[in-house]
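Only one structure is covered here, and it is reproduced in the block below.
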Amino acid sequence: MASPEKRTISVVGLGYVGFVTSLCLASKGYLVYGIDTLPEVVDAANQGYLPFFEPKLDDLLKKALKTKRFLATLDYNEAIPSSDLVFITVGTPSDEQGAVNLTHIQEAATKIGSSMDNRYRIIVVKSTVVPGTTDGLILPLLEKNSGLKAGKDFGLCMNPEFLKEGSAVDDFLHPDRTVIGGIDSKSIDFLEQFFKPFGGPILKTNTRTAEMIKYANNAFLATKVSFINEIANICQLIEGIDVKDVAQGIGLDYRISPKFLRAGAGFGGSCFPKDLKGLISFAKKRNYSPILLEATLRLNEFQAQILINMALSELKSLDHKKVAILGLAFKPNTSDMREAASLRIINRLLKFKNIQICAYDPVALEEAQKILGTKISYSSSLEDCLRNADVCFIVTEWDEFKNLSPSVFKTLMKTPIIVDGRKIYDVASFSKETTILQIGFRPFMAE
């Protein structure tokens, strides 16, 4: 292996994880090749443009290009032979049955193997793959196409990513833990030294355990979200209980913690839904029915109807109504709309007759237009979105929305009915000028 100051790294797959991995490593002084199969992604990256929004990442790209620490390429043969570390970060989407599609993994492993020379290097899988993929699929493909022996001529490890969209750069540079699963101690020990400067505890294990840790991690967090949403839905049946206070109370128990106990419109994004479906499919193929995980997904899907029912409790019908949607991205500080709560809500709203849906998001409008097309209308400002609306759904907790006063809704809307799906407003102050309906809260009825 080359000395650290001379090390060259390849990152295969310039999606979300690939760009974050590439540019964070480049910021640490490594020379990084970013490999992708899409010419438009490669060309844009080399010109300083990212295909998505993520805080701090745009600046890292510009700095990496200026210092010539990052180069995007279509050519494996340009990057792999000179690289000491090769990270695989290609996508592993769900198929129609929810199983993990490993097509991109197979292609990447085949091309990496075909591009490898006799110099020792370590292949590191960061893509989310079901247990048994690294040693059962990737390893034989690398050996077959390189003519080399894993564990002797090259190393192979599984290093799952735990990046949160909206804070991915900080998550990578300052991880709360690093998991390294390997097929040989030499590779594991090397990666331990590689990641040690980033901080946080390091867990060393085998590849299958590392693969499972990623799935178990996301399944637990998703289940925690659905749990508090279930409690919120029950709280809403009883006057005077606010799920926010319930969550605070149970979150003080150190065994539970307050993390991911925010009731709302449900989870989304590129990880939780996909990984839950992947783990469910993995279990069912082995004749086990994961009851809790399936219930977690069902409740998350149904949460959209809970919000719509809240609006119907005031308007009786949404036929011929104008509905304002504030927030389209699945969470703030990202443009990602994969499995977003906004899509589940909008798709259900579209079933009403002659409904007019108008949406606004600070960064996700372009992405929304790709997905929804002309099914809804889009506003360039929240004021325009709210104007003459019969009801407003708060779906993403952007700071821009948190800072709104009740008078904004009262002035602009036809009827100032707010369905606060993220619990960002103070009910006491908002109820003086608007009708505010909050997830997990049913106020005492006036006598």
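The values are calculated or read from the model by the stated rules, or taken from the named source; none is laboratory data. Everything numeric here is computed off the predicted structure, so don't read it as measured data. Virtual Cβ from ideal backbone geometry, glycine too; neighbours counted across all protein chains shown. These area figures cover heavy atoms from the full protein model, side chains too; ligands, DNA and RNA do not enter into them. Shrake-Rupley method; radii C 1.70, N 1.55, O 1.52, S 1.80 Å.
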Hey, got the dipole for the range 1-142? About the Cα centre, +1 on K and R Cβ, -1 on D and E Cβ, debye to the nearest 20? 720
Which value in nm describes the separation of the simple spin-label points at Glu192 and Lys68, placed 7 Å from the Cα toward the beta carbon? 3.7
Report, by chain and number, residues whose modeled amide H sits under 5 Å from the one on Thr8, excluding near sequence neighbours (fewer than 5 apart, same chain). Asp84, Leu85
Pairs over 18 Å Cα to Cα, from Lys62/Lys331; Lys111/Lys149; Lys164/Lys214; Lys28/Lys56; Lys28/Lys62, come to Lys62/Lys331
If DNA, RNA and ligands are ignored and the probe is 1.4 Å, what is the ranking of Ile250, Ile9 by accessible area, most exposed first? Ile250, Ile9
Mind checking which of Asn46, Asn354, Asn217 has the largest fluctuation in a GNM of the chain, springs on alpha carbons under 10 Å? Asn354
Could you pull out the trypsin sites (Lys or Arg not before Pro) across the range 225-331 that fall in loop regions by DSSP (anything but H, G, I, E, B) with no more than 13 other Cβ atoms inside 10 Å? Arg255, Lys259, Lys285, Arg286, Lys316
Packing-based ranking, highest mean first, of 84-95, 203-214 given that Cβ atoms within 10 Å are counted: 84-95, 203-214
How big is the charge dipole of the range 171-257 about its Cα centre, in debye rounded to the nearest 20, if each Lys and Arg gets +1 on its Cβ and each Asp and Glu gets -1 on its Cβ? 380
Semi-axes of the equivalent ellipsoid for the range 363-431, Cα gyration tensor, largest first, Å: 22, 14, 10
Rounded to the nearest percent, how much of the accessible area of the range 84-159 (1.4 Å probe, protein heavy atoms only) is carbon and sulfur? 47
What residue among Ser379, Ser187, Ser407 shows peak mean-square fluctuation when the chain is described by a Gaussian network model with Cα springs under 10 Å? Ser407
Top positive-direction residue, dipole computed over the range 74-150 with Cβ charges, set Pro81, Asn118, Gln106: Asn118
Over the range 223-371, give the accessible area per residue in Å² for a 1.4 Å probe, as an integer. 48
So which trypsin sites (Lys or Arg not before Pro) in the range 27-91 end up in coil per DSSP with only 11 or fewer other C-beta atoms within 10 Å? Lys68
List the lysines whose Cα lies under 21 Å from the Cα of Lys410, skipping any in the same chain that are fewer than 8 positions away. Lys316, Lys321, Lys322, Lys402, Lys423, Lys432
Treating each Cα of the chain as an identical point scatterer and ignoring solvent, apply the Debye formula and state log10 I(q)/I(0) at q = 0.07, 0.08 Å⁻¹. -0.40, -0.51
For the range 288-327, what % of the accessible area comes from carbon and sulfur atoms, probe 1.4 Å? 60
Round to the nearest 10 and report in Å² the accessible area of Phe53, as given by a 1.4 Å probe over the protein chains' heavy atoms. 80
Restricting to DSSP loop positions (anything but H, G, I, E, B) with no more than 14 other Cβ atoms inside 10 Å of their own Cβ, which trypsin sites (Lys or Arg not before Pro) remain in the range 120-165? Lys149, Lys152, Lys164
Cross-link partners among aspartates and glutamates for Lys353, C-alpha distance below 17 Å, same-chain residues fewer than 8 apart left out? Asp319, Asp390
Most fluctuating residue of Leu299, Leu38, Leu60 in a GNM of the chain with Cα springs under 10 Å: which is it? Leu38
Using the Kirkwood radius built from alpha carbon pairs, what does the Stokes-Einstein equation give as D for the range 24-98 at 25 °C and 0.890 mPa s, in µm² per second? 181
